[in-house]
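The values are calculated or read from the model by the stated rules, or taken from the named source; none is laboratory data. Everything numeric here is computed off the predicted structure, so don't read it as measured data. Glycine gets a Cβ as well: all are built from the backbone with ideal geometry, and neighbour counts include every protein chain shown. Remember, those area values only see protein heavy atoms, side chains included, never the ligands or the DNA or RNA. Shrake-Rupley method; radii C 1.70, N 1.55, O 1.52, S 1.80 Å.
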Amino acid sequence: VEKTQGKWQNEEKLMEMLVKKYGREYSRKEDRQAKAGGAKAGGPKSSAGGSDDTTATIGSIGGAGLLAESTETSLRQVLYCPVDGMPPEYSEYLPTFLDCLPWLELHSPDLVLTTKNRTVREVAEEVHGGEGELAEKAKNRRGGAGQPNSQKKKGKGGKDAVVTIERSQRQKRKFVTSVVGLDLFDIKLKDAAKKMGRKFACGASVNKMPDGRQSIDIQGDYSYDLPDLILEFFPVVGKSAIMFLEAGKKTKAFD
């Protein structure tokens with residue numbers, strides 16, 4: 001929020017929701033005071049018999065002791081959008097909402113959007129149908145006119161657009177996995193390369209091919225991991241559009 005101060009229209013609402021859900025962040029001074037207060041109160045006290053058990057007798061009825069049940073805390077698993085890095089319920093407040101919408105439609109279709117008073121599925125249907133303010137924004141982001149699919153260039157995110165995954169051997173035991181065609185779906189290759197590099201903890205770069213196209217080259221053999229990763233990070237790419245390229249022949253990554 002500090003990095004985008006003054007840029008996000010709903011940043012105050014976003015901060016209020018974050019504080020309401022996770023609590024406010026304490027300052028260093030308050031943190032020191034809390035620790036000092038805990039130290040004064042002392043740790044678990046030993047009983048007269050010298051026992052230091054964390055399970056203490058808290059009362060008795062008819063001579064039978066009631067023992068306090070030990071409580072175990074479990075970590076809550078939170079789903080994060082790979083586009084903005086936020087939980088799904090906060091994506092609507094960010095300027096990247098339209099980029100997150102395909103992922104939200106796939107993972108949280110029934111989530112009610114507070115600022116839209118509709119579910120993710122309903123908003124996505126409006127955008128796909130070209131209705132409403134968000135649909136206009138989506139058209140402008142694509143270049144203003146928002147031409148029908150029949151007037152678009154062949155292969156530019158249309159039926160003929162495919163993403164190919166090819167593994168090549170550079171040295172005896174070193175491989176490079178190349179991904180070609182993500183830009184046909186209006187995906188920024190540099191951003192995609194960063195995500196893939198972080199996911200696989202390896203080098204990933206965008207390079208120009210001899211035929212003029214651009215590819216994402218990943219250091220290592222990740223050809224069989226990439227199809228699922230592409231669907232997770234870029235839902236706009238369908239299963240039928242992902243192909244393996246081996247010895248000049250294309251085969252479907254998914255049956």
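What does a probe at Arg198 reach in segment 102-133, counting residues whose amide N is under 13 Å from the point 7 Å along Cα→Cβ?
It comes to no residues whatsoever.
For segment 76-142, calculate the relative contact order in percent as a whole number, restricting contacts to Cα pairs under 8 Å that are 6 or more residues apart. Spell out each step's value before the answer.
Details: 59 pairs, mean separation 13.2, N = 67.
Answer for segment 76-142 is 20 percent.
Got a sec to turn the phi values of segment 216-226 into Karplus ³J(HN,Hα) couplings, 6.51 cos²θ - 1.76 cosθ + 1.60 with θ = phi - 60°, whole Hz, x for Gly and Pro?
For segment 216-226, the Karplus curve yields 9, 9, 10, 6, x, 9, 10, 4, 8, 8, 5 Hz.
Once you put a point 7 Å from the Cα of Glu126 and another 7 Å from the Cα of Asp160, both along the Cβ direction, what distance in nm separates them?
Taking the simple label geometry, Glu126 and Asp160 are separated by 3.5 nm.
Return the sequence-ordered ³J(HN,Hα) values of segment 93-101 in whole Hz as given by the Karplus equation 6.51 cos²θ - 1.76 cosθ + 1.60 applied to θ = phi - 60°, using x for Gly and Pro.
Going residue by residue, I get 8, 9, x, 8, 4, 5, 5, 7, 4 Hz, with x marking Gly and Pro.
Extending each Cα 7 Å along its Cβ direction at Val19 and Lys249, get the distance between those two points in nm, one decimal.
It works out to 6.4 nm between the two label points.
Please tell me which of these pairs span more than 18 angstrom C-alpha to C-alpha: Lys174/Lys194; Lys188/Lys249; Lys116/Lys137?
From the list (Lys174/Lys194; Lys188/Lys249; Lys116/Lys137), the Cα-Cα distance tops 18 Å for Lys174/Lys194; Lys188/Lys249.
Rank Asp211, Asp191 by accessible area, highest first, at a 1.4 Å probe radius? Please list the in-between numbers first.
Working: Asp211 95, Asp191 75 Å².
So, going from the largest accessible area down, we get Asp211, Asp191.
Any idea how far apart Glu11 and Asp225 come out in nm if each label point goes 7 Å out from Cα toward Cβ?
3.6
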